[in-house]
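The structure appears below as C-alpha cells.
The values are calculated or read from the model by the stated rules, or taken from the named source; none is laboratory data. If you're wondering where the values come from, they're calculated on a predicted model, not measured in any experiment. Heads up, the Cβs are rebuilt from the backbone with ideal geometry, glycines too, and the neighbour counts pull from every protein chain shown. Please note that ligands, DNA and RNA were not included when accessible areas were found on the heavy atoms of the full protein model with its side chains. Shrake-Rupley method; radii C 1.70, N 1.55, O 1.52, S 1.80 Å.
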Amino acid sequence: MRPLVYICYGMPKSGSTLAFQLSRAVALGRWQKPDPRGEFTDHTGTPSAFCRDWSAPELRRILDAAEDRRRMLVIKTHSGPSAAVREAAKSGLVRVQAVCRDPRDIALSMVDMGRSGGAWGRVGKGKTVAGPEDARVRIAGQIQTFHEWASMPGVLTLNYERVAFDMKGTVARIAGHMGVRCWPWWVSRSVKRGVTHFNKGKPLRHHSEMAASSAAEWQEQFGEFISSYCSDIPAGCLERGRR
C-alpha cells in the first residue's frame, strides 16, 4: 500500500532539503508541477510543506489533506516523532525517511552558518557557533532525534554523501521506498543542488578541515552512530587526504 504521507526528517546541515526536494519530485511524477500553495495547511492556516508539530490532531489534519488531494504528501521536518506518527507508520499510512551526516561535518557547517548569521549557526541566545566544540551538545541532541525517527517501522535512512554525490542512486532508493516508479536520471537533473542552503558541497569535510586529534575525539564519542549510519560513502568521496 502506498502511504498517504511521506515524512522527510533531517539533521541540520545534512542535505535534508535536497533529499526532500528529490522525494517531492519522485512523488509528484514527471508530468506534475509542485503545488505553490504547499502540501497542506498548518494549524495557523498557512500553506506549508514543513511540519513542527506531530501531535495527533496535526497528523490527522495532514492525513485528511492527503485524502482530499488524492495523492501522497511529502512533508519535511526537523522535529521529533510522536506516538501518533509511530502508530500511523505501523498501519502503513505514513512512511519515514531520515537523513543524517557525520557529526564532525555538521559541526563544521554550523561554524559556516555562525559566520553568516544563519539559524543553525546559533547555539543559544546571542551566541553563535565559533568552533566545532560549540556545536557538540546541540548535535548530540539531534542524534537522539535521528534515532527516534530511525527506529520507526520501515524507515529509509540516508546520509549526506549519498544524497549529495549519488543523486540517481538516492532517487532510486526513495522511489523504491515510496512504491513509485520514476526515471532517476530525470529527477536528479530536475532538482537543483542550490537548495542545500550554504553547504559547501564537500564530502567528509573533517578529513581536511578538522585536526586529526579533534576528529578522533569526536569519533570516540559518536563512533557507533557514525559506523551505523554515516559509513555508506560513494566511490570518490574517500579520495581526500587528512590534514
>> I'm told Asp35 meets every condition in (1) modelled with pLDDT of 90 or more; (2) open to solvent by 10 Å² or more (accessible area, probe 1.4 Å); (3) not hydrophobic (A, V, I, L, M, F, W, C); (4) not in a helix (DSSP H, G or I) except one. Can you identify the failing condition by its number?
In response: (1)
> Can you name the condition, by its number, that Pro12 falls short on among (1) assigned to a helix (DSSP H, G or I); (2) in contact with a His (Cβ under 8 Å, 6 or more places away or on another chain); (3) not β-branched (Val, Ile, Thr)?
Replying inline: (1)
>> With open to solvent by 20 Å² or more (accessible area, probe 1.4 Å) and in a helix (DSSP H, G or I) as the only criterion, which of Lys90, Lys76 stands out?
In response: Lys90
> Name the pairs: first residue in the range 14-35 and under 20 Å from Ile106 (Cβ atoms), second residue modelled with pLDDT of 90 or more and open to solvent by 30 Å² or more (accessible area, probe 1.4 Å), Cβ to Cβ under 8 Å, at least 6 apart or on different chains?
Replying inline: Ser16/His78
> What number goes with the only condition from (1) without any contact (Cβ under 8 Å) to a residue 24 or more places away in the chain; (2) part of a loop (DSSP other than H, G, I, E, B); (3) crowded, with 17+ Cβ neighbours inside 10 Å that Met152 does not pass?
Replying inline: (1)
>> Tell me the residue from Arg101, Arg95, Arg70, Arg122 that is within 16 Å of the chain's Cα centre (by Cα) and over 20 Å from Phe222 (Cα atoms), please.
In response: Arg95
>> Pairs please, first residue from the range 97-125 and more than 25 Å from Ile7 (Cα to Cα), second anywhere and of a type in the set (Phe, Trp, Tyr) and open to solvent by 30 Å² or more (accessible area, probe 1.4 Å), Cβ atoms under 6 Å, 6+ apart in sequence or on different chains.
In response: Met113/Trp120
>> Based on this model, can you work out whether Glu239 counts as open to solvent by 20 Å² or more (accessible area, probe 1.4 Å), at pLDDT 95 or above and either out of contact with any strand residue (DSSP E or B) (no Cβ under 6 Å at 6 or more places or on another chain) or of a type outside the set (Gly, Ala, Ser) (or both)?
In response: no
>> Among the residues that make up the range 42-59, is at least one of them open to solvent by less than 50 Å² (accessible area, probe 1.4 Å), assigned to a helix (DSSP H, G or I), touching a Pro at 6+ places or on another chain (Cβ under 9 Å) and over 26 Å from Ile139 (Cα atoms)?
In response: no
> Conditions: (1) outside any helix (DSSP H, G or I); (2) at pLDDT 90 or above; (3) surrounded by 15 or more Cβ atoms within 10 Å (Cβ to Cβ). Ala84 meets all but one. Number of the miss?
Replying inline: (1)
> What residue, of Ala164, Ala140, Ala130, Ala175, is out of contact with any strand residue (DSSP E or B) (no Cβ under 9 Å at 6 or more places or on another chain), open to solvent by 50 Å² or more (accessible area, probe 1.4 Å) and on the phi < 0 side of the Ramachandran plot?
Replying inline: Ala130
>> Quick check on Ala119: is it among the hydrophobic types (A, V, I, L, M, F, W, C) and open to solvent by 50 Å² or more (accessible area, probe 1.4 Å)?
In response: yes
> Which members of the range 196-223 meet the condition of being in a helix (DSSP H, G or I) and either modelled with pLDDT under 90 or among the acidic types (Asp, Glu) (or both)?
Replying inline: Thr196, Glu209, Glu217, Glu220
